[in-house]
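Just so it is clear, none of the values below were taken in a lab; they were calculated from the coordinates. Values in this document were obtained by computation on a predicted structure and should not be read as measured data. Virtual Cβ from ideal backbone geometry, glycine too; neighbours counted across all protein chains shown.
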Amino acid sequence: MKTMYANSLSRMVGLAALVVLELAATGWASTPLESLFPSTTRGFLAVRNVQELREHFEKTQIGQLLKDPALQPFVEDLRQQIQERLSGSREQLGITAEDVAQIATGEVAVGVIHKEGEEEAGLAAVITITGERQKAQDLINRIVDDVKKRGGSTEKITIRGEEVLAITMPKRPDGTTGGKVFCCLQNDLLITASNQAAIESILTLQKQKGNSLTEVKGFSAIMDRCRRDLPDGEEPQIRWFVDPFGYAEAIRTTIPPERRKQRRLQLERLKAAGFSVFQGIGGFLSFSTEGFELIHRTFVYAPPPREKSAKMFDFPNGEAFQVPKFIPRDLATIGMGYCNLLTGFDNIGPVFDQVIGEGEEGVWDEVLAGLKDDPQGPQIDLRNELFAHFGEKVAIFTAYRLPITTTSERILIAIEVKDEQATEKGIAKVFANDKHFREREHKGKVIWERKPPETRAVPRIELGGVPGLAQPEPSDSEETEPLFPNTSVTVHQGYLLIASHFDYLTEILGLQSERETIVRNPDFLEVMETIEKLGGKKACWRGFSLTDEEYRPTYELIRQGKMPESETMLGRILNTIFAPPEKGAVRKQRIDGSKLPDYEVVRRHLGPAGVFAVTENDGWFIKGFTLPKK
């Protein structure tokens, strides 16, 4: 049985998600709609001009791909499943995306509204209907007739001097009471919300300005920072914002009451560890503009002072993005950047104590003491014998093996080390007495490999503490499957290498020529040059993706009907979120992949992509793009 969290979350974002696929309208909103959403808005998404958005999306190569006749059976199946999955939007807002498509003439915005202390979060939508008021009224009339036929009821009430239609939805198929929806036609807007408090807050802002989302520091800081990066004359097609803790608290109200206390405790523990410094994330997104298929500008707002475990996020900017010589040419993605791992290690204690130690101080110190002093343990001073030898450079890259199977994905993490011999000694101490690892030798190089498990569990990622993710609780004797079940570790050319598979690590160690490395890939060189032109010459992170390679494993597994068995990172996330309650059971694949054409049809629509991040005083500015396929 799926959690209330998953259902409510899909409803909250459903209308906004289908806007891109369904809306075809013209016009502009006279006022940015964020000024009509209250300061208690925890999540917000607005489409500036829905017709413009659709036209620009259809110009992209992905937009052209979705119109390819070979893909139409799959696209229609996917569209139908999305609509079925998001059918609850009518119960939440009284309308569906198809309804909106008939009346919208400008900006559309959706927001999650929740005031601290309220037992229920609200979902609200504001739709510009300039010139289409009668169509909007006809739509409401049809909804009322349908609700009454199915056993629901309606009444007219007055809120802030405006006539509002309160709709009590019919009973659900399981016999439980249906929710309420509140609708109002006000000037050139249709306003609809899932509770009275949400619509009242919007109507209040129409009559008296102030205390709106635009005055929330996190929102305004994010919008201002992203706007400063826009070229003259450019406007974003999509604006979005999330208050991380506020949104998590809003979602908490949608889960069963018996679990809400535990979720609140988890959020409070993260705040106590210093993470309340993260006050917002959001930005701009546009299609087919500035010479890119897609371009996004995102800002993570986390102003100083950063205390306790928030100090872990120490990502210095740098310019030396030379690629390590062992990174192969044949890969799907690569990320390179700067991270002060020793600072991270020195400040992990508060969050470890709060999350793992359930709020008890000193648990992390006890773990470190045990590692150092326990006669049965590795007897290692983890800080001084290992982390103190790490440099600041980190690289992560992914690839896959043919033919595509559930275990095709390969991942490697490379951490710069200042002293190879000292690092090798530290690694040997960590693994020598670990029953799960064994020492192997490859061409004179010592590799520590995790032993293959005797039995394979359904591949999932341990996401303990993430609100609403229903997964079976492990018994005392059951161990959680590690992130990389086949981890292999060694030190090579000034880096600590952590690979997802032994065979991939030995392949990396065997690279002989620069012609075999990524620096000879023309797409990589073009993306790196573009990053520098866009302002990322000095940054804390750079990322590169050959999207036609990155998406191939997922595509082929969907096509084979094996995505639920996948051990790829994406597969593990899906298996965690959508896992059935039965221990060891495999979820059912929701998409009929048999209708997909050969991947070569798709590949020609997927160009290379890049992203970079810059550490700033108040947070991190992130800019990403996709180039046209040549």
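Computed quantities for the displayed model
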| quantity | calculated |
| --- | --- |
| Isotropically averaged projected area of segment 288-349, using the convex hull of Cα atoms (one quarter of hull area), nm² | 7.3 nm² |
| Cross-link pairs Lys372/Lys435; Lys435/Lys562; Lys311/Lys425; Lys149/Lys171; Lys311/Lys393; Lys372/Lys429 - those with Cα-Cα distance over 22 Å | Lys435/Lys562; Lys311/Lys425 |
| Relative contact order computed over segment 148-253 (Cα-Cα under 8 Å; 6+ residues apart), in percent | 14 percent |
| Between segment 410-444 and segment 169-193, the Cα center-to-center distance that results, in Å | 59 Å |
| All lysines inside 23 Å of Lys261 as judged from Cα atoms, apart from same-chain residues fewer than 8 positions distant | Lys2, Lys115, Lys271 |
| Answer label for Rg and Dmax of the Cα atoms in Å (calculated), chosen among (1) 29.9, 121; (2) 26.1, 81; (3) 26.7, 93 | (2) |
| Rounded to 10°, Cα long-axis angle of helix 420-432 versus longest principal axis of the chain | 80 degrees |
| Theoretical gain in end-to-end length, Glu98 to Tyr599 [0.36 nm per residue, Cα-Cα removed] | 177.3 nm |
| Pairwise centroid distance, computed over Cα atoms, of segment 516-553 with segment 244-265, Å | 39 Å |
| Helix-only mean residue ellipticity at 222 nm for the chain, each DSSP H run of n ≥ 4 adding -39500 (n - 2.57), per residue, nearest 500 | -9500 deg cm²/dmol |
| Built amide H within the under 5 Å cut-off of Gly280, gap 5+ | Tyr301 |
| Residue-by-residue Karplus 3J(HN,Hα) for segment 489-496, coefficients 6.51, -1.76, 1.60, Hz, glycine and proline x | 10, 7, 10, 7, 6, x, 9, 7 |
| In sequence order, calculated HN-Hα J values of segment 286-296 (Karplus, 6.51, -1.76, 1.60; Hz; x Gly/Pro) | 9, 10, 6, 8, 6, x, 10, 5, 8, 9, 10 |
| Using alpha-carbon coordinates, inclination of helix 72-85 to the longest axis of the chain, degrees | 70 degrees |
| 25 Å Cα-Cα reach of Lys59 towards lysines, excluding residues that sit fewer than 8 places from it in its own chain | Lys67, Lys533, Lys595, Lys623, Lys629, Lys630 |
| Label-point separation, Glu358 to Asp146 (7 Å along Cα→Cβ), nm | 4.8 nm |
| Degrees separating the helix 50-59 axis from the principal Cα axis of the chain, which is the longest one | 40 degrees |
| Relative contact order (%) - the chain, alpha-carbon pairs under 8 angstrom, separation at least six | 14 percent |
| Nearest-0.05 FRET efficiency for Arg79 and Gln493, computed from C-beta distance (R0 35 Å) | 0.10 |
| Difference of contour (0.36 nm per residue) and Cα-Cα distance, Arg520 to Arg227 | 101.9 nm |
| Packing-based order for 319-327, 535-543, 64-72, using average beta carbon neighbours within 10 Å, highest first | 535-543, 319-327, 64-72 |
